[in-house]
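The values are calculated or read from the model by the stated rules, or taken from the named source; none is laboratory data. Fair warning: this is a prediction, and the values are worked out from it, not measured in the lab.
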Amino acid sequence: EFEADAFAAKHTNADDLVSSVVKLYRDNAATLTPDKLYSAFHDSHPSASIRIKELKRHA
(Lines give C-alpha, C1' and ligand atoms only; values in the text may rest on other atoms or scores of the structure.)
Protein backbone atom coordinates (compact mmCIF):
# COMPACT_ATOMS: atom_id res chain seq x y z
CA GLU A 1 0.00 0.00 0.00
CA PHE A 2 2.71 2.47 0.93
CA GLU A 3 4.56 2.10 -2.36
CA ALA A 4 1.35 2.50 -4.33
CA ASP A 5 0.36 5.54 -2.28
CA ALA A 6 3.80 7.12 -2.71
CA PHE A 7 3.66 6.57 -6.47
CA ALA A 8 0.17 8.08 -6.67
CA ALA A 9 1.16 11.04 -4.48
CA LYS A 10 4.14 11.71 -6.73
CA HIS A 11 1.99 11.78 -9.87
CA THR A 12 -1.16 13.43 -8.51
CA ASN A 13 -2.28 15.65 -5.65
CA ALA A 14 -1.60 14.05 -2.24
CA ASP A 15 -4.44 16.00 -0.60
CA ASP A 16 -6.90 14.54 -3.10
CA LEU A 17 -5.56 11.08 -2.32
CA VAL A 18 -6.16 11.65 1.39
CA SER A 19 -9.78 12.50 0.59
CA SER A 20 -10.03 9.34 -1.52
CA VAL A 21 -8.65 7.13 1.25
CA VAL A 22 -11.12 8.57 3.75
CA LYS A 23 -14.00 8.02 1.31
CA LEU A 24 -12.94 4.42 0.60
CA TYR A 25 -12.81 3.54 4.29
CA ARG A 26 -16.15 5.24 4.99
CA ASP A 27 -17.84 3.60 1.99
CA ASN A 28 -16.61 0.22 3.21
CA ALA A 29 -17.76 0.93 6.77
CA ALA A 30 -14.20 0.56 8.05
CA THR A 31 -12.92 2.46 11.03
CA LEU A 32 -10.25 5.07 10.36
CA THR A 33 -8.44 4.25 13.62
CA PRO A 34 -8.75 0.54 14.43
CA ASP A 35 -7.20 -1.14 17.45
CA LYS A 36 -3.47 -1.48 16.73
CA LEU A 37 -3.07 -4.94 18.25
CA TYR A 38 -6.09 -6.35 16.43
CA SER A 39 -4.91 -4.79 13.17
CA ALA A 40 -1.44 -6.27 13.54
CA PHE A 41 -2.89 -9.79 13.49
CA HIS A 42 -5.99 -9.49 11.32
CA ASP A 43 -5.72 -6.66 8.78
CA SER A 44 -4.01 -7.13 5.44
CA HIS A 45 -3.69 -3.38 4.78
CA PRO A 46 -2.51 -0.50 6.94
CA SER A 47 -5.13 1.61 8.68
CA ALA A 48 -6.42 4.75 7.03
CA SER A 49 -4.82 6.94 9.69
CA ILE A 50 -1.37 5.49 8.94
CA ARG A 51 -1.88 5.79 5.18
CA ILE A 52 -3.04 9.40 5.58
CA LYS A 53 -0.01 10.27 7.72
CA GLU A 54 2.30 8.84 5.06
CA LEU A 55 0.45 10.62 2.24
CA LYS A 56 0.77 13.95 4.04
CA ARG A 57 4.54 13.45 4.13
CA HIS A 58 4.44 13.46 0.31
CA ALA A 59 2.25 16.57 0.07
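Output the number of residues of the stretch 18-30 satisfying the condition of being under 13 Å from residue 52 (Cα atoms) and either of a type in the set (S, T, N, Q) or at pLDDT 85 or above (or both). Full working, then the answer.
Taking the stretch 18-30 as the starting set, the residues that turn out to be under 13 Å from residue 52 (Cα atoms) are 18-25.
Among the residues that remain, those that are also either of a type in the set (S, T, N, Q) or at pLDDT 85 or above (or both) are: 18-24.
So the count comes out to 7.
Matching residues to (1) at pLDDT 90 or above; (2) within 10 Å of the chain's Cα centre (by Cα):
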{"residue": "16", "(1), (2)": "yes, no"}
{"residue": "33", "(1), (2)": "no, no"}
{"residue": "36", "(1), (2)": "no, no"}
{"residue": "40", "(1), (2)": "no, no"}
{"residue": "54", "(1), (2)": "yes, yes"}
